[in-house]
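Everything below concerns the one structure shown next.
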Amino acid sequence: MIDDLIEPEELTELLRLLVSTPSVTGEEHGVAEAAAGWLRQRGVDARLVEAEPGRPNVIASLGSGPRGLVLNGHYDVVPVGDGWTRDPWGAEIADGRLYGRGSADMKAGVACAMAAFVACARAVREPQARLLLTLVIDEEDAGRGTRAAIAGGLDCDWAVVCEPTELRAVRAARGNCYLDVTVTGVSAHAGNPDLGVNAIHAGAEVVRRVVELDRELQSRTHPLLTPPRTGVGVIDGGLLVSAVAPDCALRIDRRTLPGEDGASALADLQRVLAASPIEPAAARIDVAMTMEMPPFETAAGHPLLQALGRAAAAAGAPAGEPIGVTYATDAGFLDRDAGVPVVVFGPGSVTEAHRPDESVPLADLPIAARTYASLAHAVLTGDV
């Protein structure tokens, strides 16, 4: 059976290799080399394909045909930050968990997808479909890795993104975009404020209207997801305390539901800003969208969800209906830009992401890897 080709000890050592190789977003080359080398040692033709200069994806393909499955995961991680009590690159194991930056988000899922791909390469001699492994850069920033993989041609009709979901199938997720507001005023001495135009004062009114918009958005509903939200995350402006502020910049986070996109989010913000004059009226206000990760939704009962459900149950994953999540992933790009039905499923919990002493339970690894391998085997052999 395909399950027998998944070795828990080998999975653990692979995850230790990945976690101990630093790969903060923008500096992924080392982990790409490590992942490609591990695959090549096991007979897989793993290619390094630059998504950005000096920042390669790892791509591997097995088989061909009219049907196919993508296993997708990112190996870039957020910066370490403060508050750690363990070496963030040490891949330390304690009490059944492996600790380190990126262990949960999402090198555990990457390791499981790699092991599943190798198992299928060994087990399926005459594939009737295509299995594609895309290990990518930049999910933590703007999704440039998955977007480059899509631009290169996926030629598959199902996708699994191996992000941490506590081994639950996710069929819908909110998206995310960043909206930047730039307020331009005129500097003057604070003793003569009427000679200037205070950009920060206008920025304060922008903040108030963003809060109003957030209240409005909470009336929009979805059966699996919480409402869209928006908020100001960063404000910067002014020269010094004794001068009228000539500039103010605000960075706004906007979470989107399926059916919304960055353009509609931008239009919502522009609408509330234009609802009435913002004082001081001489301030110039410019708005731009600087980042977008799309939402996604796969229909309940889709054959991909059914096939994944069977594979997960056989591997020992917890039972339960597919769920929705509030965070954005590269699944949105696969859904929107590649037109591929997608599900998110993986080891560990997103509550471990982006925090000190990030960790993943080692018991999740063989379950996830066997789920991916069983699903991929069924696709490759024409059983689904």
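The values are calculated or read from the model by the stated rules, or taken from the named source; none is laboratory data. Since we're looking at a predicted model, the values are computed, not measured. Here the Cβ is made from the backbone with ideal geometry for all residues, glycine too, and neighbour counts use every protein chain on show. The protein model used for the area step is the full one, side chains on, heavy atoms only, and it has no ligands, DNA or RNA in it. Shrake-Rupley method; radii C 1.70, N 1.55, O 1.52, S 1.80 Å.
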Given the options 257, 213, 167, 250, name the one that is in contact with a His (Cβ under 6 Å, 6 or more places away or on another chain) and open to solvent by less than 50 Å² (accessible area, probe 1.4 Å). 257
Flagged pairs (Cβ under 6 angstrom, 6 or more apart or on separate chains; first in segment 330-346, within 16 Å of residue 177 (Cα to Cα); second of a type in the set (Ser, Thr, Tyr) and surrounded by 23 or more Cβ atoms within 10 Å (Cβ to Cβ)) are 330/146; 333/146
How many residues, within segment 217-244, are open to solvent by less than 70 Å² (accessible area, probe 1.4 Å) and free of Cβ contacts under 8 Å to residues at least 24 places away in the same chain? 2
If you check 380, 365, which single one turns out to be farther than 16 Å from residue 112 by Cα and at pLDDT 95 or above? 380
Is there a residue in segment 306-320 that is open to solvent by 20 Å² or more (accessible area, probe 1.4 Å) and either among the acidic types (Asp, Glu) or in contact with a strand residue (DSSP E or B) (Cβ under 6 Å, 6 or more places away or on another chain) (or both)? no
Are there any pairs, at least 6 apart or on different chains, whose C-beta atoms fall under 6 Å, with the first in segment 26-37 and free of Cβ contacts under 8 Å to residues at least 24 places away in the same chain and the second among the polar types (S, T, N, Q), and if so, which? 30/21; 34/21
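Count, please, the residues in segment 163-182 that happen to be under 30 Å from residue 200 (Cα atoms) and aliphatic (A, V, I, L, M).
Residues that pass the stated criteria total 2.
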Whether any residue in segment 373-382 is part of a loop (DSSP other than H, G, I, E, B) and farther than 24 Å from residue 91 by Cβ is what I want to check. yes
Among the residues of segment 224-243, how many are of a type in the set (A, V, I, L, M) and closer than 28 Å to residue 195 by Cβ? 5
Have a look at 360, 379, 384 and point out the one that is among the aliphatic types (A, V, I, L, M) and under 23 Å from residue 79 (Cβ atoms). 360
Out of (1) touching a Ser or Thr at 6+ places or on another chain (Cβ under 7 Å); (2) more than 27 Å from residue 250 (Cα to Cα); (3) not in a strand (DSSP E or B), the odd one out for residue 306 is which? (1)
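Any idea which residue in segment 262-284 is nearest to residue 177 (Cα to Cα), counting only those that are open to solvent by less than 70 Å² (accessible area, probe 1.4 Å), in a loop (DSSP other than H, G, I, E, B) and not hydrophobic (A, V, I, L, M, F, W, C)? It would help to see each step written out before you state the result.
Here is the first cut: in segment 262-284, the residues open to solvent by less than 70 Å² (accessible area, probe 1.4 Å) are 262-269, 272-273, 276, 278, 280, 283.
Narrowing the set further to residues that are in a loop (DSSP other than H, G, I, E, B) leaves 276, 278, 280, 283.
Then drop every residue that is not not hydrophobic (A, V, I, L, M, F, W, C), which leaves 276, 280.
Numbers: 276: 25, 280: 28 Å.
Here the residue is 276.
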In segment 34-86, what count of residues is obtained for those that are open to solvent by 70 Å² or more (accessible area, probe 1.4 Å), assigned to a loop (DSSP other than H, G, I, E, B), out of contact with any strand residue (DSSP E or B) (no Cβ under 8 Å at 6 or more places or on another chain) and over 29 Å from residue 382 (Cβ atoms)? 3
Strands (runs of 3 or more DSSP E) (entirely within segment 142-239) containing at least 3 residues that are out of contact with any Ser or Thr (no Cβ under 8 Å at 6 or more places or on another chain): 158-161, 175-184, 230-237
How many residues of segment 126-140 are within 19 Å of residue 66 (Cβ to Cβ), in a loop (DSSP other than H, G, I, E, B) and out of contact with any helix residue (DSSP H, G or I) (no Cβ under 6 Å at 6 or more places or on another chain)? The answer is 2
For segment 9-33, name all the residues that are assigned to a helix (DSSP H, G or I) and either among the acidic types (Asp, Glu) or modelled with pLDDT under 95 (or both). 9, 10, 13, 33
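Taking residue 340, is it open to solvent by less than 10 Å² (accessible area, probe 1.4 Å), in a loop (DSSP other than H, G, I, E, B), under 28 Å from residue 151 (Cα atoms) and in contact with a strand residue (DSSP E or B) (Cβ under 8 Å, 6 or more places away or on another chain)? Reasoning before the result, please.
Working: open to solvent by less than 10 Å² (accessible area, probe 1.4 Å): yes; in a loop (DSSP other than H, G, I, E, B): yes; under 28 Å from residue 151 (Cα atoms): yes; in contact with a strand residue (DSSP E or B) (Cβ under 8 Å, 6 or more places away or on another chain): yes.
Taking the combined requirement at face value, the residue satisfies it.
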Single residue of 65, 90, 96 found to be modelled with pLDDT under 95 and more than 22 Å from the chain's Cα centre (by Cα): 65
Pairs where the first residue, in segment 301-323, is within 17 Å of residue 342 (Cβ to Cβ) and the second is open to solvent by less than 50 Å² (accessible area, probe 1.4 Å) and of a type in the set (Lys, Arg), C-beta under 8 Å, 6+ apart: 302/171; 305/171; 322/171; 323/171
